[in-house]
Structure formats: structure tokens, C-alpha cells
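The values are calculated or read from the model by the stated rules, or taken from the named source; none is laboratory data. Fair warning: this is a prediction, and the values are worked out from it, not measured in the lab. Note: ideal-geometry Cβ built from the backbone for every residue, glycine included; neighbour counts use all protein chains shown.
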Amino acid sequence: MRVLGIETSCDETAVAVIEGAADDRPVGRILANLVYSQLTEHRRFGGVVPEIAARAHLERLDGLVAEALAMAGLEMAELDGIAATGGPGLIGGVMVGVMTAKAIAFAHDKPFLAINHLEGHALSVRLTEGVAFPYLLLLVSGGHCQLLTVRGPGDFTRLGTTIDDAVGECFDKTAKLLGLGFPGGPAVERAAKSGDSLRFKLPRPMWRKPGCDFSFSGLKTAVRQLAESLPKDDPQAIADLCASFQRAVGDVLADRSGNALARAPSDTLVVAGGVAANTYLRGRLEGLAVRLVAPPIKFCTDNGAMIAWAGVERLRRGMVDALDFAPRPRWPLDADAGAAR
Ligand code: KG4
Ligand code: ZN
């Protein structure tokens, strides 16, 4: 089955077409995968501006859908389903994607699939790496930091989450404080490469405590205080602080994931979400599990392929959505998680 996937929940307008088997097999074929990054629109503001994002999605999306179909060599009529991120995310952008997907689904009489953005990240590793259910997932992105057991689409158990900030947010804030620009994660990783990770002593919140929850606000504050005390034109000090920060994050992620593995139904650890693009952190997680799996780096940050793939996984189980689906600014993966992040 072939599914069109649309992702517009943050600052990437992304469209993909994926072909997957009708049965439960992981691994699909990527027929098209296009990402238009709004980086230049947002850069001068130092972060994503929701109104600008929504307008940019609106301007780009139809053209990207047409381009993706042309690349896949398919007509709308040859698709089996239309998937879009239904939340969580910046609501203006999510509405643009959902409305577009619904219109295509209605006009061509195709099933519509509203995908939880986090489920997109959570299942993406099956598209590219063929991982079987169940597995333990460390989901690390700009808005989230969670450990979950993944049994199938819509079937998640949360083992732990952050009690304050998300880890990607912490990377972005660190980069901003140090004048490294936006987006922060890749900039911090780059600077850390020439840094001494033992130079600065930073806190490791929750480290060696029982359970699987995370906390990053203490680390964020410590980085801010150090950053303010550093001389402005000292690239080595900046590199050392980035390396020390990254090491502290690595210690915490490894410690918490270790605790979760002890409770997980599988010894496969999957890491996904934008922060999973960080090579140093991937290295820190290796050796914790019998098998560590991460999607290729370009599938860690937001993309349409993960939404189309989650669409395939849902469509083949008959989990389609009605056209009155309302976009959701918040949408926890675990039904029991309530208002938690
Ligand atoms: O998954 P994603 O693209 O969007 C959300 O769903 O949030 O994640 C974006 C986050 C940003 O905070 C970005 O700074 C972070 O992922 N990120 C990284 C790296 N690449 C992206 N963090 C650390 N190292 C990286 N190489
Ligand atoms: Zn994301």
C-alpha cells in the first residue's frame, strides 16, 4: 500500500510517499521524501515564530505534494491513504497539514490518517531498519524526552518522561546563550568536537536515582551561569562548555535508559527524535542494550517519511480516522499520561 505523508507541526514543511506491504512487515520503500526547511524565515528571530511557520507551510505545501507525487511517478488516484501530523505541535501549522490531507482524502475518496507526530518518530526505525515490536524507545526531540515501550501503533507504555524541560530545548538554549545560533543542537555538537568535556563540572539531574524520569532545568541553569561568567571571545571556552554539557546529557540519557531497559520487554533500545541525530549521544547509548538502533540521521529530525510510514502501519490495521478529526496542540502518546508532556 502507498501512503502520502504530510508533516507541518513545526518549522519543516515535509511530504513523502511510502510503499509498504499490507501485512505487518517492517521496512518500506521510500518513493519520495521532500523537506523544505523554513530555517531562513525564522533564523533572524532566534527561534520558530508560529505565525510565520503556518503561513510558510500554507505557501509551500501544495507545491511539495505535487512534486512528491511526480517524483514517486504516481497520480493521487493510485494512493491508498493520506496521512498528516494531527498533533502535537504548533497548531497553525498542524491545521494547514490536516486540512490539506483531508481535502485530498475527500476529493479522491481515500482513507485519512491523523498521525501523532511522536508516533511518527517512534515507528520511523521500522521503516528504515526493520525493527520488530516490541522495543524500548528513547524519544529525544525539541519538545520531548521520554522512555516508552512500543508494542505497535497506538500501543505505548510510558516508563519515564522529563519533569521540566525537553532535552532538545536544552541544546537550543545552550546554543543561544553561547551565541552559536539556531537551530542549537547541531551547533553545540559541532562546537563540542574541539572541546574538553572534563573542563566544567555540571550537574546531572536524576542521575543514579531510581526510576526513568528526566530533569534538565538544573543543568540549563548551570550552563547559563557558566556562560555568563565566560569571556565573550573565547572559542575554546565555548567548545569546552559545549563538550561538558553534552557529556552531562549523555550521562543522564544513558543512566535513565539503563533503568528502563531493566523493566523493558525487549533488549532492543531504539533512539529517535531530532536529538538522536547527535553522533556523540548515539555513541554513549551503545553498549547499554543488546541492540541499539537509530534511524539514519536525516530521518531523526522532522520529515514526511515517518508520517507516511506511520500511516502505512495504521492503514494496514484498519486504524483510519474520520474527516472531522480536530488538530491537537497537545497529544500524549500514552493514553494514561493525561496532561503530561
Ligand atoms: O524531532 P525534531 O526535529 O523536532 C521536534 O519534534 O521537536 O527535533 C528538533 C530538536 C531541536 O531541539 C534540535 O536542536 C535538536 O532536535 N537536534 C539536535 C541535533 N540535531 C537536532 N540536538 C543535538 N544534536 C544534534 N545533532
Ligand atoms: Zn519531531
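Conditions (1) within 16 Å of ligand 1 (Cβ to nearest atom); (2) of a type in the set (Val, Ile, Thr); (3) touching a helix residue (DSSP H, G or I) at 6+ places or on another chain (Cβ under 9 Å), marked per residue:
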site: 285; (1), (2), (3): yes, no, yes
site: 307; (1), (2), (3): yes, yes, yes
site: 310; (1), (2), (3): yes, no, yes
site: 325; (1), (2), (3): no, no, yes
site: 334; (1), (2), (3): no, no, no
Looking at (1) crowded, with 16+ Cβ neighbours inside 10 Å; (2) part of a loop (DSSP other than H, G, I, E, B); (3) touching an Asp or Glu at 6+ places or on another chain (Cβ under 6 Å), can you tell me which one residue 240 breaks? (2)
Quick check on my filter: what residues within the stretch 52-72 are within 21 Å of the chain's Cα centre (by Cα) and either of a type outside the set (A, V, I, L, M) or in a loop (DSSP other than H, G, I, E, B) (or both)? 57
Kindly indicate whether residue 317 is among the basic types (Lys, Arg), surrounded by fewer than 17 Cβ atoms within 10 Å (Cβ to Cβ) and without any contact (Cβ under 8 Å) to a residue 60 or more places away in the chain. no
Quick check on my filter: what residues within the stretch 23-50 are surrounded by 15 or more Cβ atoms within 10 Å (Cβ to Cβ), part of a loop (DSSP other than H, G, I, E, B) and of a type outside the set (A, V, I, L, M)? 26, 28, 38
Any residue in the stretch 119-145 that is in the same structural domain as residue 276 (by TED's automatic domain parsing) sitting within a Cβ distance under 7 Å of a residue that is among the polar types (S, T, N, Q) and within 14 Å of ligand 2 (Cβ to nearest atom)? List the pairs, counting only those 6 or more apart or interchain. 139/146
Name the residues in the stretch 169-194 that are assigned to a loop (DSSP other than H, G, I, E, B) and buried (at least 22 other Cβ atoms within 10 Å of the Cβ), would you? 178, 183
Residue pairs qualifying under the 6 Å Cβ cut-off, at least six apart or on distinct chains, with the first in the stretch 183-202 being more than 16 Å from ligand 2 (Cβ to nearest atom) and the second being acidic (Asp, Glu) and in a helix (DSSP H, G or I), are 195/240; 196/240; 199/240
Any idea how many residues of the stretch 276-304 are within 30 Å of residue 110 (Cβ to Cβ) and over 12 Å from the mean Cα position of the chain (by Cα)? 1
Residue among 218, 195 that is closer than 22 Å to residue 146 by Cα, out of contact with any strand residue (DSSP E or B) (no Cβ under 8 Å at 6 or more places or on another chain), of a type in the set (Gly, Ala, Ser) and modelled with pLDDT of 95 or more: 218
Which one is farthest from residue 312 (Cα to Cα) among residues in the stretch 94-129 that are part of a loop (DSSP other than H, G, I, E, B) and in contact with a strand residue (DSSP E or B) (Cβ under 9 Å, 6 or more places away or on another chain)? 110
